[in-house]
């Protein structure tokens with residue numbers, strides 16, 4: 001029986017970065033590792049260790065397994081048998097891109113299997129963006145560093161920029177999660193023109209702050225477009241963000257929440273005392289590489 005396997009490492013991500021709704025993203029130094037093996041023996045095996053191991057599915061509904069099968073179909077080759085092994089470190093349902101990481105890992109693994117180990121990054125991004133529904137997290141996960149993502153004709157695109165090397169992150173993770181669907185459901189259909197203009201200017205400023213002027217991070221991460229509307233669903237998150245920003249820290253809701261991400265330039269103050277009891281506080285470097293194959297396509301008989 002022939003088996004081939006590939007292992008992909010994918011980083012956590014933070015999307016929006018305040019005002020850059022569904023467009024700006026940042027890859028973080030926290031990773032999941034996914035091994036996908038195909039075999040000519042029919043069936044599906046899913047193994048999960050680490051974050052989410054007590055709640056994630058072990059069948060075809062598991063997000064990586066679903067994504068791998070979908071991607072195989074798109075790439076024109078569906079295996080008879082499939083084994084998925086996940087070693088997770090990214091918290092689930094906390095706004096740190098766990099679903100984007102699963103999707104990017106699944107698409108990359110299928111692409112490696114069907115392409116003989118070769119990866120077409122633009123195609124992986126397009127497929128992952130379609131499956132995720134918005135491109136901000138998947139672009140950062142795939143490309144690493146600081147990313148700007150957009151869709152054109154329904155196809156996801158992204159560009160990667162190098163953040164200032166001295167910028168680091170502190171992530172505040174609450175004990176309870178919040179689904180992206182719930183958070184998105186709180187957003188209004190329209191916003192005042194002044195708030196849209198504010199988001200446009202601060203998003204542009206964020207590009208300068210992250211790549212050249214970290215002294216502008218506090219102003220660049222101010223948001224009026226989505227965070228105020230989501231605040232009632234996560235009051236502890238909102239309160240923590242207010243405390244951090246009042247202390248001069250560039251803090252914002254990570255993705256759809258409820259985690260908070262703080263960006264620091266040169267200084268490294270102790271921020272743990274600002275978080276409520278039960279929150280975890282972790283310093284992270286930025287991931288500058290993005291998703292990668294750590295065990296390229298291999299096989300045995």
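For residue 54 and residue 268, a Förster radius of 45 Å and the Cβ-Cβ distance give a FRET efficiency of 0.85, rounded to the nearest 0.05. Spin-label model, residue 45 to residue 77: label points 7 Å out along the Cα-to-beta-carbon direction sit 2.2 nm apart. Between residue 189 and residue 121, what FRET efficiency comes out of the Förster formula 1/(1 + (r/R0)^6) with R0 = 25 Å and r the beta carbon distance, rounded to 0.05? Efficiency for this residue pair is about 0.15. For the options 35, 147, 166, a Gaussian network treatment of the chain with springs between C-alpha atoms closer than 10 Å singles out 166 as fluctuating the most. Between the helical axis of 193-211 and the longest alpha-carbon principal axis of the chain there is an angle of about 70 degrees.
Shape class of segment 1-114 from the alpha-carbon gyration tensor: prolate, with a/c at 1.5 or above and a/b greater than b/c. Extending 7 Å from Cα along the Cβ direction at residue 4 and again at residue 246 yields two label points whose distance is 5.8 nm. Each part reduced to its alpha carbon centroid, segment 121-181 and segment 187-259 end up 17 Å apart.
Bridges between two residues of the chain, per DSSP, are antiparallel at a rate of about 85%. Relative to the longest principal Cα axis of the chain, at what angle does helix 121-132 sit, 0 to 90 degrees, rounded to 10? So the helix axis and the longest Cα principal axis differ by about 70 degrees. Full extension of the chain segment joining residue 162 with residue 213 gains 17.1 nm, where the gain is 0.36 nm per residue of separation less the Cα-Cα distance. For the chain, adding -39500 (n - 2.57) for each run of n ≥ 4 DSSP H residues and dividing by the number of residues yields -9500 deg cm²/dmol at 222 nm. The protection proxy used here, the mean number of other Cβ atoms lying within 10 Å of each residue, ranks peptides 288-296, 16-24, 183-191, 276-284 as follows, highest first: 16-24, 288-296, 276-284, 183-191.
Where does helix 63-75 land angle-wise versus the long Cα axis of the chain, in degrees 0 to 90, nearest 10? Once rounded, one gets 60 degrees.
Taking R0 as 22 Å, what FRET efficiency do you get between residue 197 and residue 150 from their Cβ-Cβ distance, rounded to the nearest 0.05?
Computed FRET efficiency for residue 197 and residue 150: 0.70.
Ordering 114, 67 by the number of other Cβ atoms within 10 Å of each residue's own Cβ, fewest first, gives 114, 67.
Read-outs: derived from the displayed coordinates by stated rules, not from any lab. Source: prediction; values computed, not measured. Heads up, the Cβs are rebuilt from the backbone with ideal geometry, glycines too, and the neighbour counts pull from every protein chain shown.
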